[in-house]
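The values are calculated or read from the model by the stated rules, or taken from the named source; none is laboratory data. Here the structure is a predicted model, which is why all the values come from computation and not from measurement. Because the Cβ atoms are built from the backbone with ideal geometry, glycine has one as well, and the counts that use them run over all protein chains shown. The accessibility values were calculated without ligands, DNA or RNA, using every heavy atom of the protein model including side chains. Shrake-Rupley method; radii C 1.70, N 1.55, O 1.52, S 1.80 Å.
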Amino acid sequence: MTEREAVLQYDSKDIRLPMVEGTEGDVGLDINRLRAETGMVTLDYGFGNTASSKSAVSYVDGSGGELRYRGYPIEQLADECSFLEVTYLLLNGELPNAEQLDEYVEGITRHTLVSEEMKRFFDAFPKGAHPMAIMSAATSALSSFYQEHHDPSDPQAVRESGKRLIAKMPTMAAMAYKKSVGQPYVYPRNDLDYSANFLHMMFAIPSERYPVDPVMAKAMDVLLILHADHSQNASTTTVRMVGSTGVNLFASIAAGINALWGPLHGGANSAVVEMLDHIHHGEGDVASAVTRAKDRNDPFRLMGFGHRVYKSYDPRARILKTFADEVLETIQPDDPLLDIAMQLEQVALEDEYFVERNLYPNVDFYSGIIFRALGFPTRMFTVLFALGRLPGWIAQWKEMTEDPTTRIGRPRQIYVGHTKRDVKPIEER
Ligand code: SDX
């Protein structure tokens with residue numbers, strides 16, 4: 001079959017650009033020869049029109065509002081699988097059978113402890129340190145304990161690094177929280193499953209038993225699944241970019257944590273609850289929030305709304321909206337923030353400004369309300385997003401390191417600064 005191509009006419013020349021087609025209909029122009037043939041580069045602010053790679057990890061249908069991990073719809077994965085099962089899928093490309101899952105879970109469970117030396121690391125932070133600052137620093141620091149597993153070209157080293165990160169990030173997240181509330185660290189327990197163990201490390205105290213509520217553990221597991229991957233978002237692109245320099249997985253993930261922290265990205269889940277809380281406490285109401293969000297002179301955005309790719313309802317938000325209702329009914333009935341969120345959504349989705357711009361609730365709009373109901377402080381929400389996204393980051397990093405077409409990421413620029421000029425002696429400036 002002849003390869004499809006586009007022809008760019010420039011300077012009375014025809015430049016042939018091969019077209020790359022994906023399995024779900026994505027079509028891209030391969031411009032790898034563009035600069036050699038024309039001396040030109042492309043300019044694409046925020047890379048809204050640029051594919052950085054071919055990928056088989058997750059598929060996002062922005063117009064249809066669908067998300068699939070390795071071909072499986074997230075609705076089915078959230079209903080049928082555990083987070084570690086989905087982690088196995090993302091990392092290996094196939095769902096595990098019972099024996100493979102048992103072996104994987106056992107391997108993760110046996111590595112949930114962090115070195116006792118890490119306690120001094122956490123103790124060194126001021127009490128008010130943001131947990132995302134602690135998590136990115138601790139993830140970088142974790143690399144010091146596994147230097148024999150740094151080589152990205154060694155599949156065994158990558159497997160070992162990925163296992164340590166998946167196993168120890170919840171432990172470190174709980175340590176960051178305990179540090180912030182001045183409580184003793186709680187060790188992981190091997191008799192609890194992944195999400196129950198995390199909730200136990202977060203909320204148990206040594207002076208009394210803390211039986212983990214199975215409803216809360218299941219809610220935590222579903223939340224982690226829904227955050228697990230999302231194609232080439234800002235933090236995943238960061239993990240790939242840093243990884244393309246050949247640095248180890250720990251350092252690449254630490255960079256991704258920092259990118260996720262931003263309020264336009266993973267930090268939005270905290271910003272949504274702060275926005276709803278302000279409305280609840282009378283610092284504005286739903287109508288004024290929508291009015292402010294539409295005012296181009298006001299930097300205020302309706303947090304949890306809008307998305308670079310979804311121009312329809314984010315499928316994760318759809319699941320979380322129903323889930324919020326169910327979980328809150330059990331754990332925290334009559335949470336005023338959920339009612340305010342639903343009112344805000346109703347008003348926005350009927351407003352021309354939002355309709356014209358295809359602005360819908362995204363994953364962060366309802367997730368924070370559920371995190372709050374589970375007892376997490378607002379500042380921990382983005383850490384929870386990072387725990388969920390971790391297997392996606394690792395899977396994308398692996399795909400990048402194993403891809404023979406991978407080169408170090410190094411974009412070009414259009415220089416618009418001064419043309420060449422000479423330094424004048426200081427007395428003449
Ligand atoms: C995540 O990429 C991913 O996949 C990310 C993520 C993942 O799983 O990894 O899905 C997770 O980060 C979700 C997004 C969380 N962020 C927020 O909720 C913050 C609020 N949303 C916006 O800041 C914004 O919608 C972005 C950042 C999400 C997307 O920004 P874009 O694609 O650059 O869109 P844009 O800023 O160019 O907006 C287009 C128009 C603009 O108006 P006009 O210039 O046409 O007049 O829509 C407006 C914007 O002003 N707009 C909003 C808005 N979002 C966009 N106006 C008010 N409130 C908003 N939330």
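Before moving on, here are some points about what is shown:
- Three-way shape call for region 308-397 based on the alpha-carbon gyration tensor, with the a/c threshold at 1.5: oblate
- Local electrostatic count at ALA271 - Lys and Arg +1, Asp and Glu -1, tallied over other residues with Cβ under 9 Å: -1
- Rounded percent of accessible protein surface that carbon and sulfur make up, the chain, 1.4 Å probe: 51 percent
- In the chain, the longest principal axis of the Cα atoms and the axis of helix 234-243 are about 70 degrees apart.
- Electrostatic bookkeeping for ALA317 treats Lys and Arg as +1 and Asp and Glu as -1; over the other residues with beta carbon under 14 Å from its beta carbon, the sum is -2.
- Centroid-to-centroid separation of region 273-338 and region 373-419 [C-alpha atoms, Å]: 25 Å
- Taking Cα atoms only, the orientation of helix 98-109 departs from the longest principal axis of the chain by about 80 degrees.
- Taking all protein chains into account, the per residue accessible area for the chain stands at 51 Å² (1.4 Å probe).
- Given LYS127/LYS163; LYS321/LYS398; LYS218/LYS398; LYS54/LYS398, the pairs whose alpha carbons are separated by over 23 Å: LYS127/LYS163; LYS321/LYS398; LYS218/LYS398
- When ARG389, ARG410 are compared by accessible area of protein heavy atoms, the largest-first order is ARG410, ARG389, using a 1.4 Å probe.
- Each of the GluC sites (Glu not before Pro) that DSSP puts in a loop and that has at most 14 other Cβ atoms within 10 Å breaks the chain; the longest unbroken stretch is 117-282.
- Neighbours of ALA341 by Cβ distance under 10 Å: Lys/Arg scored +1, Asp/Glu scored -1, total -2.
- Rolling a 1.4 Å probe over the protein chains gives VAL423 an accessible area of about 130 Å².
- Ellipticity at 222 nm from helices only: DSSP H runs of n ≥ 4 in the chain, each -39500 (n - 2.57), divided by the residue count, give -15500 deg cm²/dmol.
- Under a model in which nothing but the beta-carbon of Lys, Arg (+1) and Asp, Glu (-1) is charged, the chain shows a dipole of about 1720 debye around its Cα centre.
- Whether region 1-71 is rounded, prolate or oblate, judged on the alpha carbon gyration tensor where a/c under 1.5 counts as rounded: prolate
- Cα gyration tensor category, rounded, prolate or oblate, for region 201-313 with a/c compared to 1.5: oblate
- Region 117-172: trypsin sites (Lys or Arg not before Pro) in DSSP coil with no more than 16 other Cβ atoms inside 10 Å: LYS127
- Listed residues TRP393, TRP261 arranged by accessible area, highest first, probe 1.4 Å: TRP261, TRP393
- Accessible area ranking (1.4 Å probe, heavy atoms, ligands and nucleic acids excluded), largest first, for ASP351, ASP422: ASP422, ASP351.
- Degrees, to the nearest 10: 83-92 long Cα axis against longest axis of the chain: 30 degrees
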